[in-house]
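The values are calculated or read from the model by the stated rules, or taken from the named source; none is laboratory data. This is a predicted model, so every value here is computed, not measured. Virtual Cβ from ideal backbone geometry, glycine too; neighbours counted across all protein chains shown. Side chains are part of the model used for accessible areas, which takes the heavy atoms of the whole protein and leaves out ligands, DNA and RNA. Shrake-Rupley method; radii C 1.70, N 1.55, O 1.52, S 1.80 Å.
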Amino acid sequence: MPGTAHDDDIPGRVAGDAGVVRDRGIVAVLQEALLPAALPVLPRARIAARYLAAGQEQSAGGDWFDAIPLADGSVALVVGDVVGHGVTAAAAMGQLRAVLTELLAAEADLGHVLQRADTFAARTPALRAATLALAVLDPVGGTLRYTTCGHPPPLVIDIDGAARYLEGTGTGPLGTGSPPVLATSGLAPGELVLLYSDGLIERPDRTIAEGMAELAVAAAGAVTGAVTGAVTEAPAERALALAADPAAAERVCQRTVELLTRTGRADDITALAAQRFADPVPALRLELPSERPSLTTARDAFAGWLSRLGAAADDADALHLALVEVFTNAIEHAYPRGEPGIIELEATLGDDGNVECRVTDHGSWRQPDPADADRGHGLMVAGQVVDQLLVSHPPQPPGGTAGSRGTIVTLRHRLGRPAVLASGHDSAHAAHPADPPFAVDTSIAESATARALVRGPVDITTADQLARRLLSVSRGGTVPLVADLTGVTQLASAGVRALYAVSGQMAAHGQDLTLITAPGSAAHLVLDLVRLAHTAGDQRLPICRTQGGGHMRQVRSA
């Protein structure tokens, strides 16, 4: 898209090559903080995305994508492009993404959503003439409602490997007053829809029509390539294999971007694909005796069920840990010693991308004794690693004895699948220094203030670990905590969410969380952007002993 950021558009710019590298790094950090850290994991659709920032200095920032589960069980797929580049375009992109997400959640009328988005863009100079492709897929019925606001039309790959472009709706870019036009198409089981940015079809030596034809061939080849040769029977068998292929969406995003960017590019590249499945992954249901060997059976079955969903490792690990804690608690405490009963396990994936896991026993519930330091930790740990933990008791049956009505522990956790976000800098540029490994050193000072020194990248792969360590050293948020982020090399949106969660837990106990950042650092800029309170400090703290007998390195204090 046209538009280039000028030097004075970039706050804190440093002259020379070092400044260029630093500026480009800031834009990349902002992009990762503002783009979705993960894509939803849904029972009847597989979603994948790949984002590649432009290779030229300061040219990245305007492209964005999102996949938003809606209340009626459908999912909104969005790819957009904001005019301009650099920090200004990245910030405008974040505004538009946030507003559109809120509108889609609050409004059932898609036409009304588009009208309000157009009005918002018209009032926001940086968003005028932004383009957008929006498609709302009903994974159950296969209906696909979409609009193309000045954006290239979606591409559909069918189960025979044939590619077809949907008709553009003729709606103009946002902020131009163009009335919204919606079209309706369908997606059969196994078919895949691809939304993309114009950087994937624009070439200096190609017309747009030639670029679109090239994309269609690359996408169709990516879908059929994995089964061609592996399935040599009749076309019907090959079509069945394609319809059941869970990796098609990932493969289309990866291979189209790789194939079509080999000759270089001057713009961001975004690809977002969704494949519809005929049948969801069935629920997991087990009935097991309350004996120790049952834990292994439940754990293995649950791990296998999660692996079929294709969730991110962090989410699967969190749910797995929570299940082990809850199931162990039922084995050890639900029934009298020597009199085992039954423990039921049920796990389902909802249309909103949330897993609900229920562990039910029919024994007695005993409130943990605060004086018993060895009891109650399992539920506490489980509650910290998943989104929600609820303990309930079914109604007592007629004639039942007091305390024998049983217990249901329900775990709820939203699953995500990582989107591939790559800087994509040209190989001619010097490589950035490798990030130091992620680490969190913790200690408790004599003043009963907890301290943590965080180093390395904080992203979707490390955010959960950060939250657990901060909550652990602060005793679940019951003592004040100073967290030094001056050693953080990258703070993505997953890390921001983790810090907000820790802050909320501490506020609930009336305690303060102090975040220390280095002036001008990535963490400093991102926390400013998301309005999470922090302070810049340069006073050194003394070396302290850490949990586990190590030493805490010097940290900064406000």
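Between beta-carbons, use under 15 Å as the cut-off and find the net charge around Val99, counting Lys and Arg +1, Asp and Glu -1. Once positives and negatives cancel, what remains is 0. For Arg145, neighbours were defined as the other residues whose beta-carbon sits under 15 Å from its Cβ, and their charges (Lys and Arg +1, Asp and Glu -1) total -4. Label-to-label distance for Val140 and Arg128 is 4.4 nm, based on points extended 7 Å past Cα in the beta-carbon direction.
If r is the Cβ-Cβ distance from Arg497 to Val217 and R0 is 35 Å, what FRET efficiency results, to the nearest 0.05? Rounded to the nearest 0.05, the efficiency is 0.35. If the segment from Glu167 to Ser392 were pulled out straight at 0.36 nm per residue, it would be longer than the present Cα-Cα gap by 75.9 nm. Between Glu107 and Asp160, residue separation times 0.36 nm minus the direct Cα-Cα distance comes to 15.5 nm. A 1.4 Å probe run over the protein chains yields, for the stretch 254-327, 44 Å² of accessible area per residue, whole-number rounding.
Less than 5 angstrom separates the built amide H of Val482 from those of Ala450, Arg451, Ala452, Thr514, all sequence-distant by 5 or more or on a different chain. Put a dot 7 Å past the Cα of Asp317, heading toward its Cβ, do the same for Arg475, and the two dots end up 2.8 nm apart. Count Lys and Arg as plus one, Asp and Glu as minus one, and take only other residues whose Cβ is under 10 Å from that of Arg46; the net charge is then +1.
Projecting label points 7 angstrom from Cα along Cα→Cβ for Arg531 and Glu339 puts them 5.7 nm apart.
Computed from the Cβ-Cβ distance with R0 of 25 Å, the FRET efficiency linking Ala98 to Thr207 stands at 0.10.
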